[in-house]
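Student: This is the structure I have questions about; it appears just below.
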Amino acid sequence: MTPIFSYEMVAEAFMRWFETQNGGCVPSEDERCRERIISQIKRFYPNEERLNQDAYQLITALTKSRDQSSGRIVH
Amino acid sequence: MKRLLSLLATGFLATTQVAMANETELGDSVVRPAAASPFAPSIRVAFSPGEAEAEVFDLVRKANKSIRILTTSLVNRDLADELLLAKSRGVDVRVLFSGASKDQKSFVIAFLKNGGVFAAYATTRQTLNSNFIVTDEANTITGSVDYASTSFRRNHETIMIVKNYPDAAFKLISAWDALAAEAEEFAPVRQKQGAPG
């Protein structure tokens, strides 16, 4: 059964990965940064159906990459 | 025989005059019409909403050696997919993002990097608001359009498509290289605490 992912779930995984990239969001702008990232994901995936096609792979890749030193997300 | 030579000379002169009349001035150089050869330089203008989107996709799809992009936005899943396809057929694809804060580009940068495409965030003192694509060191698209879906479908934008004109391509590639030299690539993922390096 295909799990249903929301924009927020993908954003959450992405934010955790982004924190490993030069510190991620500027701490004082954390909330606005989060909103901008969610907005970006929503525009990149205009409908949740398309997001769901990628989300599992995307979240898995983002989660894995946090433990790797290459900086490249791997499948 | 004299008559034949005269006819040939007249024909040659007429052809030359037509060719000259069709030439277009571009800076100090002369661009001849594309109809002469598929490899002849050509210039076209396109707008969005309208043909601009198709022109951009066409250029990317036909690239067979390299693609350099400088843009303020590429929030466009379809175009990102085209870049990954180009990469998979052996094209050297490099994308540099400019404009406001890097977090606004971060997701797309991650998406492209995941596909093996060089993607980085250009950091300059000036406001960087350029958008261009160079393919195969000869073809360029530049103008107001960035490569986000909204720019193609909602905004009114203008682009120029210049094909088979390496002078323009090299100038843009030089600018791209200069910006890339100081661009911020996402750093390697941090090592776990206690791990070497």
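Student: Which of (1) within 14 Å of another protein chain (Cβ to nearest Cβ); (2) within 18 Å of the chain's Cα centre (by Cα) does B:Q104 not meet, given it meets every other one?
Tutor: Here B:Q104 clears every test but (2).
Student: State whether the residues of the range B:81-93 include one that is touching a residue at least 24 places away in the same chain (Cβ under 8 Å) and part of a strand (DSSP E or B).
Tutor: Yes: one or more hits.
Student: I'd like the full set of residues that are at the interface with chain B (Cβ under 10 Å from one of its Cβ atoms) and within 21 Å of B:L79 (Cβ to Cβ), limited to the range A:1-37.
Tutor: A:V10, A:F14, A:R36, A:I37
Student: May I pose another question? Filter the range B:126-147 down to the residues that are in contact with a helix residue (DSSP H, G or I) (Cβ under 7 Å, 6 or more places away or on another chain) and in a loop (DSSP other than H, G, I, E, B), then identify the one that is nearest to B:V95 (Cα to Cα).
Tutor: Among residues in the range B:126-147 that are in contact with a helix residue (DSSP H, G or I) (Cβ under 7 Å, 6 or more places away or on another chain) and in a loop (DSSP other than H, G, I, E, B), the one nearest to B:V95 (Cα to Cα) is B:Y147.
Student: Tell me the residue from B:R89, B:R77 that is within 14 Å of chain A (Cβ to nearest Cβ) and over 17 Å from B:A169 (Cβ atoms), please.
Tutor: Numbers: B:R89 fails: within 14 Å of chain A (Cβ to nearest Cβ).
Exactly one of B:R89, B:R77 is within 14 Å of chain A (Cβ to nearest Cβ) and over 17 Å from B:A169 (Cβ atoms), namely B:R77.
Student: Of the numbered conditions (1) within 25 Å of A:D30 (Cβ to Cβ); (2) in a loop (DSSP other than H, G, I, E, B), B:F111 satisfies every one except a single condition; which is it?
Tutor: Every condition holds for B:F111 apart from (2).
Student: Could you check the range A:1-24 and list, in sequence order, the residues that are over 13 Å from the mean Cα position of the chain (by Cα) and surrounded by 16 or more Cβ atoms within 10 Å (Cβ to Cβ)?
Tutor: If we filter the range A:1-24 for residues that are over 13 Å from the mean Cα position of the chain (by Cα), which is where we start, we get A:1-4, A:22-23.
None - no residue of the range A:1-24 is over 13 Å from the mean Cα position of the chain (by Cα) and surrounded by 16 or more Cβ atoms within 10 Å (Cβ to Cβ), so the list stays empty.
Student: Does B:K163 fit the bill of being assigned by TED's automatic domain parsing to the domain that holds B:E55, among the charged types (D, E, K, R), surrounded by 14 or more Cβ atoms within 10 Å (Cβ to Cβ) and in contact (Cβ under 8 Å) with a residue 40 or more places away in the chain?
Tutor: Values: assigned by TED's automatic domain parsing to the domain that holds B:E55: yes; among the charged types (D, E, K, R): yes; surrounded by 14 or more Cβ atoms within 10 Å (Cβ to Cβ): yes; in contact (Cβ under 8 Å) with a residue 40 or more places away in the chain: yes.
Taking the combined requirement at face value, the residue satisfies it.
Student: Of all residues being among the basic types (K, R) and modelled with pLDDT of 95 or more in the range B:30-62, which is farthest from B:A86 (Cα to Cα)? Just the residue, please.
Tutor: Here is the first cut: in the range B:30-62, the residues among the basic types (K, R) are B:32, B:44, B:61-62.
Still in the running and modelled with pLDDT of 95 or more: B:44, B:61-62.
Details: B:R44: 24, B:R61: 7, B:K62: 9 Å.
Checking each candidate, the answer is B:R44.
The values are calculated or read from the model by the stated rules, or taken from the named source; none is laboratory data. All figures in this text were calculated on a predicted structure; none of them were measured in a lab. Every residue, glycine among them, receives a Cβ derived from its backbone with ideal geometry; neighbour counts consider all protein chains shown.
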